[in-house]
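So the structure is just underneath, and the comments pick up after that.
The values are calculated or read from the model by the stated rules, or taken from the named source; none is laboratory data. Bear in mind that the values here come from a model prediction, so they are computed numbers and not experimental data. Backbone-built Cβ (ideal geometry, glycine too); neighbour counts: all protein chains shown.
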Amino acid sequence: MQKKLLCLYALIILAFILLSVRLTWIVKADGAAYEKQVLSQQKYDSITLPFRRGDIVDAKGTKLAVSEKVYNLVIDARVMLDREDYLEPTMEALGANFPDLDMTAVRQYVTSHPESSWYVPLRRMTYDQISGFQAAALENSKIRGVWFEEEYKRVYPNGSLAADVIGFSRADNEGQYGLEEYYNDVLNGTTGREYGYLNDDANLERTIKPAVDGNTIHSTIDANIQGIVEKYLKQFNEEHKDAVHPGNGAENVGCIIMEVNTGNILAMASYPTYDLNDTRNTDALLGSRKIEMVTNANGYQVLTKTDTYFTQEDIDALTDEQLLDNLNYLWKNYCISTTYEPGSTAKPFTVAAALESGAITGNEHYQCNGSLEVGGHTIKCHSYRSGGEGDVSVQDSIAWSCNVALMKIAATMGKEEFAKFQQTFNFGLKTNVDLAGEARTASLLFPVDQMGSADLATNSFGQNFNVTMIQMITGFCSLINGGYYYEPHMVDKITNASGATVENIEPRVLRQTISESTSAKIRQYCRATVMEEGGDRRTGRTARPAGYAIGGKTGTAETIPRKNGEYVVSFMGYAPADDPQIAIYVVVDRANASPQDDAKFATGIVRNVLTEVLPYLNIFMTEELSEKEIQELAEKQIEITNQYTQTPENGDDQTGDTQTGDAQTGDAQTGDDQSGDSQSGDGTGDDTTTVTEDWRNYPKDPATGYLVSPIDGGLIDPITGADVGGDDTMGDSPINNNLLNQQNE
């Protein structure tokens with residue numbers, strides 16, 4: 001028995017000896033190959049190669065959204081601990097090159113998870129942040145177990161510019177709101193793969209299936225026009241915030257500018273807004289009305305505005321769910337997602353429908369005594385307290401905004417025709433604008449079988465039915481362009497990563513709403529609302545920019561509940577009056593003012609915006625300037641000159657809301673070719689015009705109309721104070737080229 005045990009022990013010992021010899025032989029002969037195989041399994045089996053999400057650019061190529069490559073620090077504890085002399089050099093290099101890295105936590109993780117191949121302590125670093133470590137790793141072969149995973153980070157070079165239009169993208173490349181969401185599949189590409197394996201010679205081979213980058217979308221938005229619009233929406237807020245109650249200057253202020261004959265949207269904005277690079281910054285909520293989930297009369301949970309205007313303390317007290325509810329409301333695009341009663345901006349639609357249906361000819365006159373009895377209700381005109389408008393023509397019904405005349409026109413037409421034309425103008429239907437989040441309004445109109453006489457009467461002047469801003473301006477363009485209803489759109493071209501065109505999106509006429517003859521009459525009536533032919537009672541005269549003839553219509557809608565003193569005021573207009581090129585629509589939702597029912601809140605914004613936008617679009621002045629207008633334009637010129645030439649007080653580059661350059665560097669770009677910090681004029685940046693008041697007293701040259709400098713005899717523009725023909729003028733500033741130099745033409 002003992003002999004058998006001895007033999008067994010001897011065999012076991014012999015087996016261990018043979019195994020040791022074999023292992024020694026393997027390590028000597030094939031150790032390097034096996035090491036490569038192990039490393040390939042650890043690092044190169046399969047790596048995802050990220051795609052680059054496509055850019056969003058404006059009509060002139062200015063980048064509104066881009067994706068920049070960033071790097072995640074990945075630590076492979078298995079490789080780092082593979083040899084004793086790897087750990088310390090690697091830890092030393094990590095600590096030296098990544099000051100934000102918690103080295104105690106990293107060391108603890110590596111030593112306590114020796115089998116881990118994936119630990120990511122730092123994310124989304126730039127190349128500059130990782131280059132130092134990479135250089136150290138090249139110099140020291142004992143720095144092991146660290147590599148960098150590539151991905152892309154979405155960046156918005158202009159901060160809050162066009163936030164409503166652009167939307168934003170999450171870290172997983174999922175678009176939220178705006179173009180980012182609507183064109184999500186177009187912007188996204190396809191991920192690639194990198195595979196590692198050993199060939200027959202035990203050498204590491206790699207097979208790469210490259211990622212396919214996403215497409216770039218070219219928006220119809222003009223960043224310069226967008227910046228002008230946002231500047232004046234913000235200015236309105238600054239002028240009216242905290243006026244009657246703590247909070248913003250209005251619940252919301254929105255503006256859309258659209259090309260009349262294409263449906264291209266040149267600008268779309270609302271206030272309050274937010275920074276696309278910091279979407280969860282709660283500062284944007286300050287001054288807004290708090291949103292809460294409440295149970296309505298039908299027992300449903302709905303989000304409702306409260307009477308609380310956010311302070312920092314209110315924001316700090318929000319739960320995560322409440323905060324998200326309020327941020328979602330902020331992120332919504334007011335211009336397409338919020339509905340309201342349009343008020344008197346609906347009157348041109350009613351008159352157009354009556355003309356087109358043959359219910360009226362345009363030669364009718366109506367008597368307004370300030371109110372009208374309809375269906376057992378006394379429905380008032382805005383002139384009720386003064387005894388009414390008296391004799392009112394069809395043109396006057398729009399120019400003077402007479403409710404009584406409109407009610408009589410609608411009654412002549414009848415509810416069937418009225419309802420038919422509401423659908424023709426696309427009320428109750430989506431416009432299908434290429435933005436995420438357009439509201440449905442089908443349930444917000446009266447069906448013809450439920451429309452009583454009082455409903456028809458109030459609908460005729462824009463009460464008791466709801467619309468969106470995009471519905472109104474799109475329909476209005478058809479009223480003034482000959483009757484052609486264009487599908488509104490934000491994108492006119494898609495290109496691939498190589499720059500080749502994938503798709504051109506052409507203007508698309510969906511229907512003809514009215515005839516050219518009816519359209520001509522509506523243009524005439526809307527012109528009279530603003531220009532002198534409308535008389536002293538014209539409601540839109542304060543919307544006219546100096547030197548221009550425009551048309552349009554004001555609107556004042558009482559909100560629900562009635563008689564609460566809250567109003568939505570608006571102005572919808574176009575320019576030039578006799579050859580419409582662009583339409584503009586401004587809505588001020590419950591201004592922080594008392595009283596609120598003043599259309600000047602909207603017309604003032606329109607006037608300011610058009611004063612800069614029309615010259616920028618090379619639309620020339622046609623009207624003679626009064627002395628007062630000359631003075632106003634001179635002051636405006638100085639204001640804009642200062643805007644583009646003054647150095648910020650803190651000495652830093654400007655990165656404010658009106659920035660339209662390709663990167664957040666503070667370049668005050670105002671034209672197609674301008675670049676550089678606070679440059680104006682010829683782009684040199686150093687020779688900016690200094691405007692003083694001295695030139696106002698210079699003598700005038702009767703032959704040219706210019707002022708003559710007593711210093712050198714040079715000619716001076718009487719409005720701008722700039723040398724005529726000099727090199728130091730404002731160049732492509734969006735106001736100066738045409739705004740102030742046409743009065744002598």
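The residues on offer are 203, 188, 237, and the sole one that is at pLDDT below 90 and among the polar types (S, T, N, Q) is 203. Screening residue 486 on (1) outside the structural domain of residue 354 (by TED's automatic domain parsing); (2) buried (at least 20 other Cβ atoms within 10 Å of the Cβ) shows it passes everything except condition (1).
Among the residues of segment 383-394, is there at least one that is in a helix (DSSP H, G or I), crowded, with 20+ Cβ neighbours inside 10 Å, modelled with pLDDT of 95 or more and in contact with a helix residue (DSSP H, G or I) (Cβ under 8 Å, 6 or more places away or on another chain)? Spell out how you get there, then give the answer.
Narrowing segment 383-394 to residues in a helix (DSSP H, G or I): 384-386, 394.
Still in the running and crowded, with 20+ Cβ neighbours inside 10 Å: 394.
Next, only the ones that are modelled with pLDDT of 95 or more stay: 394.
Subset that is in contact with a helix residue (DSSP H, G or I) (Cβ under 8 Å, 6 or more places away or on another chain): 394.
Yes, segment 383-394 contains a residue that is in a helix (DSSP H, G or I), crowded, with 20+ Cβ neighbours inside 10 Å, modelled with pLDDT of 95 or more and in contact with a helix residue (DSSP H, G or I) (Cβ under 8 Å, 6 or more places away or on another chain).
Within segment 346-382, the set of residues being within 43 Å of the chain's Cα centre (by Cα), charged (D, E, K, R) and either at positive phi or crowded, with 16+ Cβ neighbours inside 10 Å (or both) comprises 347, 356. Evaluating residue 72 against the criteria (1) modelled with pLDDT under 75; (2) assigned by TED's automatic domain parsing to the domain that holds residue 165 leaves one unmet condition, (1).
Quick grid of which residues meet (1) modelled with pLDDT of 95 or more; (2) in contact with a strand residue (DSSP E or B) (Cβ under 7 Å, 6 or more places away or on another chain); (3) outside the structural domain of residue 58 (by TED's automatic domain parsing):
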position	(1), (2), (3)
78	no, no, no
110	no, yes, no
164	yes, yes, no
168	yes, yes, no
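Give 509, 491, 530 a once-over and let me know the one that is in contact (Cβ under 8 Å) with a residue 24 or more places away in the chain, of a type in the set (A, V, I, L, M, F, W, C) and surrounded by fewer than 17 Cβ atoms within 10 Å (Cβ to Cβ). Walk me through how you get there before you give the answer.
Working: 491 fails: surrounded by fewer than 17 Cβ atoms within 10 Å (Cβ to Cβ); 530 fails: surrounded by fewer than 17 Cβ atoms within 10 Å (Cβ to Cβ).
Every option except 509 fails the conditions.
Here residue 417 meets each of (1) within 30 Å of the chain's Cα centre (by Cα); (2) crowded, with 18+ Cβ neighbours inside 10 Å; (3) of a type outside the set (Gly, Ala, Ser) with one exception, condition (1).
Mind listing just one residue for me: the one in segment 296-330 that is at pLDDT 90 or above and in contact with a strand residue (DSSP E or B) (Cβ under 7 Å, 6 or more places away or on another chain) and, of those, nearest to residue 164 (Cα to Cα)? Taking the candidates together, the pick is 329. Check residue 323 against each of (1) crowded, with 17+ Cβ neighbours inside 10 Å; (2) in contact (Cβ under 8 Å) with a residue 12 or more places away in the chain and name the one condition it does not meet. Result: residue 323 fails condition (1) only. Of all residues in segment 337-394, those satisfying the criterion of being closer than 19 Å to residue 537 by Cβ and either of a type in the set (Phe, Trp, Tyr) or free of Cβ contacts under 8 Å to residues at least 12 places away in the same chain (or both) are 366, 384. Taken over segment 70-115, the criterion of being touching a helix residue (DSSP H, G or I) at 6+ places or on another chain (Cβ under 7 Å) and among the charged types (D, E, K, R) is satisfied by 76, 78, 107, 115.
If the condition is being in a loop (DSSP other than H, G, I, E, B) and more than 27 Å from residue 323 (Cα to Cα), then segment 225-282 contributes 260, 261, 262, 263. Of all residues in segment 107-126, those being surrounded by 13 or more Cβ atoms within 10 Å (Cβ to Cβ) and outside any loop (DSSP other than H, G, I, E, B) number 9.
Which residue, of 269, 243, is in contact (Cβ under 8 Å) with a residue 40 or more places away in the chain, aliphatic (A, V, I, L, M) and buried (at least 18 other Cβ atoms within 10 Å of the Cβ)?
Values: 243 fails: buried (at least 18 other Cβ atoms within 10 Å of the Cβ).
Sole residue among the options that is in contact (Cβ under 8 Å) with a residue 40 or more places away in the chain, aliphatic (A, V, I, L, M) and buried (at least 18 other Cβ atoms within 10 Å of the Cβ): 269.
The set of residues in segment 283-300 being under 30 Å from residue 238 (Cα atoms) and either part of a strand (DSSP E or B) or hydrophobic (A, V, I, L, M, F, W, C) (or both) consists of 284, 285, 286, 289, 290, 291, 292, 293.
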